[in-house]
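Just below is one structure, and these are the notes that go with it.
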Amino acid sequence: MRSCASLNMALTFGTMLWRRAMSSLRQRGRLLWTQALPSASLHLQLPQLRAYSTETDPAKSEEPVAFDTESRFKEKPWEYLETEEYIKKYGNNPVWFGYRRNHRGSIPPQKTRKTCIRGTKVAGNPCPICRDQKLHVDYRNVKLLEQFICQYTGVIYHPTYTGVCMKQYKHLTRAIEKSREFGLLSFPVPYVELKAEDYNSVHQAVSKTPLAPALQNQVPWYPWYAWQQPPDKDIARIRRIYKNYLKEETSPA
Ligand SMILES: [Zn+2]
């Protein structure tokens with residue numbers, strides 16, 4: 001009986017300590033890690049921490065899928081976006097919708113990874129384009145490219161926004177540029193309001209400037225702009241050379 005009471009006391013004391021530790025940690029804004037906590041001795045119900053990642057279920061992806069380079073969508077990649085498989089997978093959302101990359105620590109890195117596929121090794125959480133082998137970045141694949149462009153400004157989304165790796169981002173920007181050159185995508189042209197007064201000679205800034213003195217006297221700006229009579233010797237020489245081709249004698253004014 002006595003031992004039971006002491007155990008109970010110890011437990012409550014332990015709970016108190018634990019709560020204090022929790023609150024101090026929260027104040028500091030640190031992240032809790034469940035594995036480091038002595039939860040077994042305290043009989044506490046710890047909150048279930050869940051890792052938010054888009055990694056596929058390990059039970060489902062037991063057998064590694066070989067990278068099929070002979071996909072039928074390689075030649076015509078836009079056909080994949082019309083298939084039932086694609087619609088079932090993504091619906092009306094862009095391919096990068098809901099993608100969340102894994103990273104160490106609480107602060108996401110400022111850049112995405114260089115590449116998801118190195119030789120035969122595929123990263124654990126490949127980017128939206130690398131994870132789907134049937135997606136091919138091509139300048140003719142307009143529907144896919146449009147998903148990476150802001151429809152209001154025409155700016156290509158930053159890779160940290162869509163989550164694509166830098167390699168695919170490079171392919172994307174090149175494909176979008178090429179597509180624009182071929183007229184498949186529109187160019188973002190900023191709207192500039194033209195003011196008539198800026199192109200008018202009545203403008204104050206124009207009228208205040210006096211004409212150059214040379215222009216007022218009707219003399220050429222530079223002396224070598226005026227007509228210069230070539231030496232007679234040279235004219236005679238040219239006439240002699242082109243004698244057979246000259247139809248009539250013309251002289252400069
Ligand atoms: Zn990638």
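The values are calculated or read from the model by the stated rules, or taken from the named source; none is laboratory data. What you see is a predicted model, and the numbers here were worked out from it, not measured in a lab. Cβ placement follows ideal geometry from the backbone for every residue including glycine, while neighbour counts extend to all protein chains displayed. Please note that ligands, DNA and RNA were not included when accessible areas were found on the heavy atoms of the full protein model with its side chains. Shrake-Rupley method; radii C 1.70, N 1.55, O 1.52, S 1.80 Å.
Just to be sure before I move on: is Val142 more than 16 Å from the ligand (Cβ to nearest atom) and either open to solvent by less than 40 Å² (accessible area, probe 1.4 Å) or without any contact (Cβ under 8 Å) to a residue 12 or more places away in the chain (or both) in the structure I sent? Yes; evaluated as a whole, the condition is true for this residue. Output the qualifying pairs, or none if there are none: Cβ atoms under 8 angstrom, residues six or more apart or on different chains, first residue in the range 181-193 and under 13 Å from Glu146 (Cα atoms), second residue among the polar types (S, T, N, Q) and surrounded by 10 or more Cβ atoms within 10 Å (Cβ to Cβ). Pairs found: Leu185/Ser179. On inspection, Asn102 fails the criterion of being more than 10 Å from the ligand (Cβ to nearest atom) and open to solvent by less than 50 Å² (accessible area, probe 1.4 Å). For first residues located in the range 116-135 and within 9 Å of the ligand (Cβ to nearest atom), partners that are open to solvent by less than 50 Å² (accessible area, probe 1.4 Å) and polar (S, T, N, Q) and lie 6+ apart or on another chain with Cβ distances below 7 Å form the pairs Cys127/Thr112; Cys127/Gln168; Pro128/Thr162; Ile129/Gln168; Cys130/Gln168. The number of residues in the range 204-253 that are open to solvent by less than 100 Å² (accessible area, probe 1.4 Å) and modelled with pLDDT of 90 or more comes to 8. Annotation: Lys195 fulfils all but one of (1) open to solvent by less than 100 Å² (accessible area, probe 1.4 Å); (2) modelled with pLDDT under 90; the unmet one is (1).
Looking only at residues that are hydroxyl-bearing (Ser, Thr, Tyr) and outside any helix (DSSP H, G or I) in the range 146-194, which one is nearest to the ligand (Cβ to nearest atom)?
Applying the first criterion (hydroxyl-bearing (Ser, Thr, Tyr)) to the range 146-194 yields 152-153, 157, 160-162, 169, 173, 179, 186, 191.
Then drop every residue that is not outside any helix (DSSP H, G or I), which leaves 152-153, 157, 186, 191.
On the way: Tyr152: 26, Thr153: 24, Tyr157: 15, Ser186: 27, Tyr191: 35 Å.
Among those that are hydroxyl-bearing (Ser, Thr, Tyr) and outside any helix (DSSP H, G or I), it is Tyr157.
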